[in-house]
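*Asks:* Below is the structure I would like to discuss, written out as structure tokens.
The values are calculated or read from the model by the stated rules, or taken from the named source; none is laboratory data. Source: prediction; values computed, not measured. We place every Cβ from the backbone using ideal geometry, glycine too, and count neighbours over all the protein chains shown. For accessibility, only protein heavy atoms count, side chains too; no ligands or nucleic acids. Shrake-Rupley method; radii C 1.70, N 1.55, O 1.52, S 1.80 Å.
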Amino acid sequence: MAGFMAFGLFAAIGVALMAGFPVAFTLAGVALLFAGVGVLSGTFDPVFLEAFPNRIYGIMTNETLIAVPIFVFMGVMLERSRLADQLLQSLAQLMRGTPGGLGIAVVIVGALMAASTGIVGATVVTMGLISLPTMLDRGYSPAVSAGTICAAGTLGQIIPPSIVLVMLADVLSNAYQQAQLQMGNYSPETISVGELFAGALVPGLILVMAYLLYITVLARARPGLMPPDQTKDSERVSMGRLLLLTSGPLFLIVAVLGSILKGIATPTEAAAVGAMGAMLLALVGGHLTKDTLKNVVYRTTRITAMVFMILLGASLFSLVFRGFGGDQMIADFLTALPGGVFTAMVLVMLVMFLLGFVLDFIEITFVVVPIVGPVLMAMGLNPVWLGIMIALNLQTSFLTPPFGFSLFYLRGVCPDSVPTAAIYRGVIPFIAIQLLVMGLLAAWPQLVPWLPGVVYPG
């Protein structure tokens, strides 16, 4: 009976979410409803709910999570600074003689903005607004244009510093400790945000280089899809202006990421440095006004409140799910699969991929990872490698038609001249690239923990 209730809880939440109810309140409300039914039927011990206040207190005192609103503030402020617009125009003019130069510029700017903001939705929308009209005006194929923008915008999932990696690191650290306790290690190790950032650097760079290689090859093989720019030489941007524009986001990336990796600052302290740097960039660009600051603070508050409400709802859900024995059911199921950890990993990745169609990264991080993470790590998987594979998997899910979140973000700012089918066609090659990179990391898993081992020896 308890197993049936655990399965019903998960199914009921899925139905409620697809019906359009708010995620945070759905997780908490449905969990409480099933807990009540379980108490009345004798299948749920209410003592599990007594741990919920302690979980709330743990979230409130978690220093790592303090970095989330600060990183969100930095990202929203950079979005308002219009730095991406100026950088894209200058880089596109500089590379006008390169086949597919504008597409290459979009990927580079997308990577810089992703590394600076870490907010996927904001990056896709911003890049769509500033680059899609330019690409279409210059004769670029709508499919190629839309696919490039969607792919570049989702780089915020994997390129640090990223708020999704901050949240994933915190959840994985707790899951890793739980896995070690289950294996009898009563002095469990943890993983830090810095380790996950370091682990994401090499895969992120490989992904960006693969995107650039694809665009370059496609531009040479089918120049009609990406015709060369006809801008006159006198209109080309100077290298000095380009260096001036790129110095801002590059400085932010180096200051934030470098200080974390070198152990000079905690993620929260580094995020504060990045937020101040974003404000200075907006001030220098003439976009830091009272209204801008008010809008940035308002949006930051909304996003942060949403994140933490989901975290609270997910904490209550996990308690009730565990009270019904759901976590043990999943552990028994995964460990009993033929093929061992390989089959279990493939199945979990497939489920997460499908969940990425209906749930955002935040919900999957707070709801699914705490359930399957301890099982997979107890089976011997490296926690940093697992985290990067989850991030890449969900990044691929967000690109995949017909339900990918990035496609919806771009569709919302696309002109009517760009059909939805063109967006779907455009992202397919980038999905293939994502799968190839995931296959590469599966074949050579040492590519992920190598850099964390160098930066954090011992």
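*Asks:* Answer yes or no as to whether ALA24 is among the small types (Gly, Ala, Ser) and under 30 Å from LYS294 (Cβ atoms).
*Replies:* Here the answer is yes, as ALA24 does meet what is asked.
*Asks:* From the set of residues in the stretch 369-385 that are under 19 Å from the mean Cα position of the chain (by Cα) and within 22 Å of PHE197 (Cβ to Cβ), which is surrounded by the fewest Cβ atoms within 10 Å (Cβ to Cβ)?
*Replies:* Of everything passing the filter in the stretch 369-385, TRP385 is surrounded by the fewest Cβ atoms within 10 Å (Cβ to Cβ).
*Asks:* Criterion first (among the hydroxyl-bearing types (Ser, Thr, Tyr), surrounded by 22 or more Cβ atoms within 10 Å (Cβ to Cβ) and more than 30 Å from THR266 (Cβ to Cβ)) does SER81 satisfy it?
*Replies:* No; evaluated as a whole, the condition is false for this residue.
*Asks:* If you go through the stretch 188-209, how many residues are open to solvent by 30 Å² or more (accessible area, probe 1.4 Å), part of a helix (DSSP H, G or I) and over 23 Å from ALA271 (Cβ atoms)?
*Replies:* 2
*Asks:* Still on this model: Taking the stretch 380-399 as the search range and keeping residues that are modelled with pLDDT of 90 or more and outside any helix (DSSP H, G or I), which one is nearest to GLY453 (Cα to Cα)?
*Replies:* It comes out as ASN382.
*Asks:* Also: Do any residues in the stretch 53-76 that are more than 20 Å from SER192 (Cβ to Cβ) and open to solvent by less than 20 Å² (accessible area, probe 1.4 Å) have Cβ atoms under 6 Å from those of residues that are basic (Lys, Arg) and assigned to a helix (DSSP H, G or I), where the two are at least six apart or on different chains, and which pairs are they?
*Replies:* VAL76/ARG299
*Asks:* Select from the stretch 323-346 the residues that are more than 27 Å from PHE44 (Cβ to Cβ) and aliphatic (A, V, I, L, M) and write down the one among them that is least open to solvent (accessible area, probe 1.4 Å).
*Replies:* Residue satisfying both the conditions and the ranking: ALA344.
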